[in-house]
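Notes follow the structure.
None of the figures in this text is laboratory data; all of them are computed from the coordinates on show. This structure is a prediction, so every number in the text was calculated from the model and none was measured. Neighbour counts run over all protein chains shown; Cβ positions are idealised from the backbone, glycine included.
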Amino acid sequence: MTGQTRKKDWWPAPLAEPPVNGITLEPMTMDHLDVVVELEIESFPVPWSREAFDYDMEKNHLAHYWIMVRDETIIGYAGIWLVGDIAHLTTICIQETWRGKGLGRWLLLNTMLLGEKLGARRFTLEVREKNESIIKLYESVGYREVGRRTNYYKEIGEDAVVMWTGSPPFEK
């Protein structure tokens, strides 16, 4: 690709249909936050607060969030902050009873596709160093570890693995 500008880093296209019937992806609204915060608390050792979601939904023009719904029930969600053409995956969550069915990969790839439609060319994220299953998922769709943030998750004494799509340099 010498002399050419890539429009985006590579990542696989999501399946046209979700791996479970009846799943839809919809923009998150303030009306969804009670359920989202409940899922957040159930799913993460260091959950985001209601105030953090409120701020992103109401005031952060960089933030974009989606919910995954089945039978009118929120079973997952994901979000990005879009800064120029770089999307920072801020959160992704699947309700525990729905894990292991391919929905995490489907939600991740569709979130990346939606980010791409908004102008994202690259993606970055932080993930708990001990969350090996999600690290493998991220690697399977093109993320690579580029560094660590020491004691990023202070409450549980864990480092963050910093991951990006593509190859260095990351700011081009």
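Sorted ascending by nearby beta carbons within 10 Å, beginning with the fewest, ASP34, ASP85 become ASP34, ASP85. Placing a label point 7 Å from the Cα of LEU113 along the Cα-to-Cβ direction, the residues of region 11-46 whose backbone N falls under 19 Å from that point are 11-28. Averaged over residues, the count of other Cβ atoms within 10 Å places the peptides 14-24, 108-118, 90-100 in the sequence 108-118, 90-100, 14-24, highest first. Distances between placed amide hydrogens fall under 5 Å for ALA120 paired with no residue 5 or more residues away or on another chain. Excluding same-chain neighbours fewer than eight residues apart, the aspartates and glutamates reachable from LYS117 by a Cα-Cα span under 18 Å are ASP9, GLU26, ASP85. Of the options (i) 0.92; (ii) 0.97; (iii) 0.95, only one is Rg/Rh (Cα atoms, Kirkwood Rh) as computed from these coordinates, and that is (iii).
Here the Gaussian network model covers the chain, with springs between Cα atoms less than 10 Å apart; of HIS64, HIS88, HIS32, HIS32 fluctuates the most. Near ARG148, the amide H atoms lying under 5 Å from its own belong to VAL162; only residues 5 or more places off or on other chains count, and H is placed 1.01 Å from N.
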